[in-house]
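Have a look at the structure below before the remarks.
Every number in this text was worked out from the coordinates using simple rules, so none of it is lab data. Everything numeric in this text was worked out from a predicted model, so none of it was measured. We place every Cβ from the backbone using ideal geometry, glycine too, and count neighbours over all the protein chains shown.
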């Protein structure tokens, strides 16, 4: 392989990696916040470890709900491929976007553990970005599933489950 071709492949891989929402949330953002925190603190970063369970909660929610979704005919990664069937059971009976919420729970943990303004900005920016993404997804699902999705959308909350 020629050096130029190798460099192009490496750049292509890097861009693909960065475009992946899970890679950004669960790998790149924590590493970036930690790196900047180390620089600002000139060594060992000051952190509040009490909030680390939010990392596990957010990541595991994302992973387990994703496995559930795939097992139920839930389409491809993200919303690139629409699901074959409307999933309204399991975690989707309580919340329309449990995987996206897992990302936000993880980022909340990052902000609370790091006690760092950059992490709070990442959380806020991602909350806005996920909300915009969900609204686009909903339009596509409305067109794809029609009336059943509209009924589901009216009965199940977008972000926070109803307490029963």
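Quick check: convex hull over the Cα atoms of the chain, volume per residue in Å³, rounded to an integer?
151
Hey, what angle do you get for helix 29-41 against the long axis of the chain, alpha-carbon based, 0 to 90 degrees rounded to 10?
For 29-41 against the chain, the angle is about 30 degrees.
Output the 0 to 90 degree angle, nearest 10, between the alpha-carbon long axis of helix 53-71 and the longest principal axis computed from the alpha carbons of the chain.
Value to nearest ten degrees: 40.
Would you please put 100-110, 10-20, 80-90, 24-34 in order of how densely packed they are, using the mean number of other Cβ atoms within 10 angstrom per residue and starting with the highest? Show your work: numbers first, answer last.
Values: 100-110: 23.5, 10-20: 10.5, 80-90: 13.2, 24-34: 17.3.
Top of the packing list down: 100-110, 24-34, 80-90, 10-20.
Post the alpha-carbon centroid distance, segment 98-127 to segment 12-62, in whole angstrom.
Taking the Cα centre of segment 12-62 as reference, the centre of segment 98-127 is 9 Å away.
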